[in-house]
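Before any comments, here is the structure.
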Amino acid sequence: VCAILKHRSSRHAKFDQLNQKYGEELTKFLEQESSHSLALEMPKRQRLLRLMERFNGNWDDVRKSLKRMNSRHQNKEQLQEQYAQQVVELEQDGLNVKCPCVYRLLQKYDGDVTKVREQMKHRLDKKSDFEKLEKEYEEQLKQLELDGVHVKNKRFVVRRLKESNGQLDMVKRFLLEKQERGQRKAEKKRDHSSPKEGEEQGCRKERKIRTANMSIENLDHLKQLRAADIHGNPMKILKIFHEECNDSVELTAEICRQHKEQRKRDQKERLKKHELLKETQQAYLAITTQQDWPLDIEQVYLDGNNMMFVIDSLRRLCLNRHGKQAEHAIGQIASAWNEKMLIPHINLIYDSTKQLETIGTVIVQSAQPKYKTTDDMLVDLTKQNHGRNEHTVVVTSDRALAAQLKNEGCQLIKPYHWFAHCVMVLTPDLIKQDPIEIDTSVERAPTARKCEHNKKGKIHYDFDELVKRVGNICI
């Protein structure tokens, strides 16, 4: 009873003190807000005084806080109406529905009472476990308070006692070390936030002299340049000042300004390039099933040189100076694929090749001598077909080329996805999928993230066997 009375008297004294400090301002504030919407749900005077103390009498912050409080109250009323039936079910189970977390959990799990019940029971179990441990280590907690150890977080201390099997000396030493670390960190932060100006300037000056190894004359020049609003690396600025500008401050300022503008232009160009490449990457069509191939396609261009290094067996042929066999194998695969797809025009283009014979329905072409590379030829062909490129597919992974073709309206597919579609169409038995692993041995908490068994198994395509069967090449 004495403790309760002392607490009440201290609260009354605190209220009188705050009333003397902010009473007049609060009265004016209430008169101003009497016609405002905040006046409908204005808290008690004591709560308002505490808010004013918290924000040091800043009325804007007090208004924002009151708006947040009102919005939370309105949200709570809406949730009470929305989940009235679920709250009744939880109350019948003997759970404390007055806890503010109930509505947050119902909102989180979309009114799923089972999940909310599991969460609340899990919390109750943790609370009961903590109460048991608190009773078990009650004597150690009292001893720590008598020894002058500040117990800020009782749960944390109880866990440490449990880990150390109730060894008080070990826990006491750990808490004192933690307290010392916190004090050192606070002192370091305080010293860093408010350094002395004289000491700071002296340290900076010594650091510059030590690191840059400048002469007194160069330091004087640097002061002149700083006064002319020329900033940056001291050594680079002095080099421009002496070698390019003949010790002229005005010329140095002009050159530094030009360099700065050039850096800004370069940065803008890089950002534009990155954005363009990002858009191009998103423009590629993903072929994961046989039905993903776009409809109404009349023309397909295959970037031959870009496709020769996708499959291991073709790459080995190229590196071992058997590029002709690799070119012929790609033509054979494209011809067999087109017999199933029945696309009117399909062109296989290389930078330079002498194998210009038509392979089935596939027309093999060489960019040279008319064009320098396949990229130039593809860009020119798509420009000539402007207006019909919606029905054109280009198979390439060259991002710079893809960016130009995207502007012409072509559809883009990467060589890997094209070869994968060939496997789907010609040899579906070469598709293998990793088995889905489901870990049922470990029980997880209800709040744990979804397990890996929700993901699909990875799909593998045996491209080398495709080349062996369709390309008629012995690997």
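None of the figures in this text is laboratory data; all of them are computed from the coordinates on show. Keep in mind the model is a prediction, meaning the values are calculated, not measured. So basically every Cβ, Gly included, is an ideal-geometry build from the backbone, and we count neighbours across all protein chains shown.
Placing unit charges on C-beta atoms (Lys and Arg positive, Asp and Glu negative, everything else neutral), compute the dipole magnitude of the chain about its Cα centre in debye, rounded to 20. Before the final figure, lay out each step's value.
On the way: 86 positive and 73 negative charges, 449 e Å.
It comes to approximately 2160 debye.
Just subtract the alpha-carbon distance of H73 and T114 from 0.36 nm times their residue separation and send over the number in nm, one decimal. Mind showing how you got there, number by number?
On the way: separation 41, 0.36 × 41 = 14.76 nm, distance 2.59 nm.
Once the chain is fully extended between H73 and T114, it gains 12.2 nm.
Cβ neighbours within 10 Å, averaged per peptide: list 334-343, 77-86, 292-301 in order, most packed at the top.
Values: 334-343: 17.4, 77-86: 13.2, 292-301: 15.2.
Top of the packing list down: 334-343, 292-301, 77-86.
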Which part of the range 136-154 falls in the paramagnetic zone of K178, meaning amide N under 12 Å from the point 7 Å along Cα-to-beta-carbon? 150-154
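Rounded to the nearest 5, what % of the DSSP beta bridges within the chain are antiparallel ones? Display every interim value, and only then the final one.
Details: 4 of 22 bridges.
Close to 20 percent.
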So if the hydrodynamic radius of the range 214-263 is defined as the Kirkwood radius over C-alpha pairs, what does Stokes-Einstein give as its diffusion coefficient at 4 °C and 1.567 mPa s, in µm² per second? 121
Work out, in µm²/s and without decimals, the Stokes-Einstein translational diffusion coefficient of the chain at 37 °C, 0.692 mPa s, Rh from Kirkwood over C-alpha pairs. 100
Förster radius 60 Å - calculated FRET efficiency between E91 and I459, Cβ distance, rounded to 0.05: 0.75
What list of ³J(HN,Hα) values in whole Hz, one per residue of the range 347-363 in order, does the Karplus curve 6.51 cos²θ - 1.76 cosθ + 1.60 (θ = phi - 60°) give from phi, with Gly and Pro shown as x? 10, 10, 10, 10, 4, 8, 8, 9, 8, 9, 6, 6, 9, x, 9, 9, 8
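Find the eigenvalues of the gyration tensor of the Cα atoms of the range 137-193, then list the square roots of 5 times those eigenvalues as equivalent ellipsoid semi-axes, largest first, in whole angstrom. Kindly include the intermediate steps, with their values, before the conclusion.
Working: eigenvalues 133, 23, 17 Å².
Three semi-axes, in Å: 26, 11, 9.
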Report, ordered by chain and residue number, the lysines lying within cross-link reach of K162, taken as a straight Cα distance under 16 Å and ignoring same-chain residues fewer than 8 apart. K126, K127, K132, K135, K142, K154, K172
Quick check: Cα centre of the range 72-114 to Cα centre of the range 133-149, how many Å? 37
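How much FRET efficiency would the formula 1/(1 + (r/R0)^6) give for R104 and L285, where r is the Cβ-Cβ distance and R0 is 45 Å, rounded to 0.05?
Values: r = 43 Å, r/R0 = 0.95.
Taking R0 as 45 Å, the efficiency between R104 and L285 is 0.60.
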Convex hull around the C-alpha positions of the range 85-170: the volume in Å³ per residue is 117
For every other residue with a beta carbon closer than 13 angstrom to the beta carbon of V113, add +1 if it is Lys or Arg and -1 if Asp or Glu, then tell me the sum. -2
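Within the chain, which DSSP H helices have Cα atoms that stretch 30 Å or more along the helix axis and a mean Kyte-Doolittle hydropathy of at least 1.6?
Working: long enough: 2-32 (41 Å, -1.02); 59-82 (34 Å, -2.18); 113-136 (34 Å, -1.70); 168-193 (37 Å, -1.70); 249-283 (51 Å, -1.75).
Taking the DSSP H segments of the chain (at least 30 Å long, mean hydropathy at least 1.6), we get none.
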Determine which aspartates and glutamates satisfy two conditions relative to K44: a Cα distance under 18 Å, and not lying fewer than 8 residues away in the same chain. D16, E24, E25, E31, E33, E53, D61
Residues whose built amide H sits under 5 Å from the amide H of I359, excluding neighbours closer than 5 in sequence, are V364
